[in-house]
Ligand code: HEM
Ligand code: SF4
């Protein structure tokens, strides 16, 4: 699965970093990034889909392998 | 219920006669005001009439709200002549020369301003502030508890207000000696009730602005390492922001950092005292507090009415929002939408985390939410831990509730222990 954040959209609300800290972290500027390597860490972390929905600007996309 | 394809979408004029007066004063400071039941039944979008007779849209459905909040056609531009205003008082405030930064502007100006201050509000930065927050909470309670048990104190002025005030002053770089100067003034800006106080609110805003302008000069002469110092060094002196905009930005942060959290601490205290079993559970297991804080945010929805103006037409769920229409997003009704929350009118700190919009949604979602959560968690945990016999000193229905058109809260909270 691929997880990506549209950094032009992100407003740094930190919803994702609080919900799934194993995948998202905030950079120095306050915007969120996907922690390198976390995407391929096997099982989908709990709360990931909820974090995608919770993002106030819908900046996070998941692309399921094989689906897209 | 969806309209069939050949029904034309309904406009504002199609329901003028059925648009109740709005906003409505709360009876209990954390419950829905009378008339909200009926508005909820009409959901997810209906019409209301403002003080000046103008009919505007009211969005009450959670799912619909989550679609509309991020829609760029809905603008926060307070200088737009069609921007809906909830009271004449606010009309007077609009005579200002410039729109308030962040809250009152759209992208790209908004994005530029948000980027400037965002680094200071990140999770890591706020977590580093936790010991400072804890210290202020303890110091204020030391003072309060030095009084005789049985004394009546106003929890708002003794605790709920000075704590967030001291914290936002520290974060921005306003000297601690000066923070009480703002407590009064920012209270006037956000929560003063009564139309006659328009001038007072305006004056308070002007005074805060003048103070910050002066503080910028002092900091230029003698730099420190706070948010304001950084903004001066990295943004103003490099010409990315002018002095006036910077002073306004600091004013907005200072004012929003004061009143919001303090009202939430006061209302949360009241709501938990009225639900002793849940309060007991929280005392027994303090790790429940972060979740409880979000439930209290949902339940009290103190920033209930978020105003927007449509810059372009929007067709949604059988309705046509025309360009120039006013739109009010009711966070309280969205947070008490039965389709999103089971038994929405019950406080339930064990409820699975849902999607409340108590901090808004879309590009304006609260920049201070990490700070506010930390403050609420620490304030409530410390208060109930250190004052186990805390109780209201007057019956709950005698606590004075704010006017309906400002941030929701109480103007004092008499307690004893
Ligand atoms: C429990 C306390 C708080 C509540 C309920 C609250 C609520 C909100 C809401 C509902 C919005 C969205 C406004 C809109 O969409 O028009 C907002 C935005 C904002 N809040 Fe808060 N807030 C709280 C605490 C704070 C704190 C502590 C700060 C400190 C700096 C703050 C600063 C702001 C700012 C600057 C914005 C505008 C952000 C933007 O436009 O990008 N808030 N807040
Ligand atoms: S939830 Fe969305 S806006 Fe908030 S930090 Fe994550 S990506 Fe950015």
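Only the coordinates and a few stated rules stand behind these numbers; no lab work does. Bear in mind that the values here come from a model prediction, so they are computed numbers and not experimental data. No Cβ is skipped: glycine too gets one built from the backbone with ideal geometry, and neighbour counts run over all protein chains shown.
Kindly put B:59, A:52 in sequence by how many other C-beta atoms sit within 10 Å of each C-beta, fewest to most.
A:52, B:59
Is the shape of the protein assembly as shown best called rounded, prolate or oblate, per the rule: a/c under 1.5 gives rounded, else a/b larger than b/c gives prolate, else oblate, with a ≥ b ≥ c the square roots of the Cα gyration tensor eigenvalues?
rounded
Other chains' Cβ within 10 Å of B:112-125 residues: what's the mean?
4
How shielded is B:339-346 by partner chains, expressed as the average number of their Cβ atoms within 10 Å of its Cβ atoms?
0
For chain A, what is the calculated [θ] at 222 nm in deg cm²/dmol (nearest 500), taking -39500 (n - 2.57) for each run of four or more DSSP H residues and dividing by its residue count?
-4000 deg cm²/dmol
Roughly speaking, what is the centre-to-centre gap between segment A:1-26 and segment B:1-79 when only Cα atoms are used, to the nearest Å?
One Cα centre to the other: 32 Å.
Using a ≥ b ≥ c from the Cα gyration tensor of segment B:16-416 (square roots of the eigenvalues), is it rounded, prolate or oblate, where a/c under 1.5 gives rounded and otherwise the larger of a/b and b/c decides, a/b for prolate?
It comes out oblate by the Cα gyration axes.
Neighbour counts of other C-beta atoms within 10 Å: give me B:275, B:319 arranged from fewest to most.
B:275, B:319
Where Rh denotes the Kirkwood radius from the mean inverse Cα pair distance, what is Rg over Rh for chain A?
Reported Rg/Rh (Cα atoms, Kirkwood Rh): 0.93.
Sorting A:22, B:46, B:165 on the 10 Å Cβ count, fewest up front, what's the list?
If I rank by nearby Cβ atoms, fewest first, I get A:22, B:46, B:165.
Given a 10 angstrom Cα cut-off, can you work out which residue in B:201, B:274, B:128 is the most mobile in a GNM of chain B?
Fluctuation is largest for B:128.
By average Cβ neighbour count within 10 Å, what is the ranking of B:366-378, B:104-116 from highest down?
For the peptides B:366-378, B:104-116, the packing ranking is B:366-378, B:104-116.
Contact order normalised by length for chain B, with contacts defined as Cα pairs under 8 Å and 6 or more residues apart; what percent is it?
27
How much mean residue ellipticity at 222 nm does chain B get from its helices, if each DSSP H run of length 4 or more adds -39500 (n - 2.57) and you divide by all residues, to the nearest 500 deg cm²/dmol?
Using -39500 (n - 2.57) per qualifying helix, the result is -13500 deg cm²/dmol.
Is there a simple number for the mean count of other chain Cβ atoms within 10 Å of the Cβ of residues in A:7-18, and what is it?
5
On full extension of the chain, what length is gained from residue B:17 through residue B:71, given 0.36 nm per residue of separation minus the C-alpha to C-alpha distance?
Fully extending the segment from residue B:17 to residue B:71 adds 16.6 nm.
Most mobile of B:70, B:23, B:352 per a Gaussian network model of chain B (Cα springs, under 10 Å)?
Its mean-square fluctuation being the largest, the pick is B:352.
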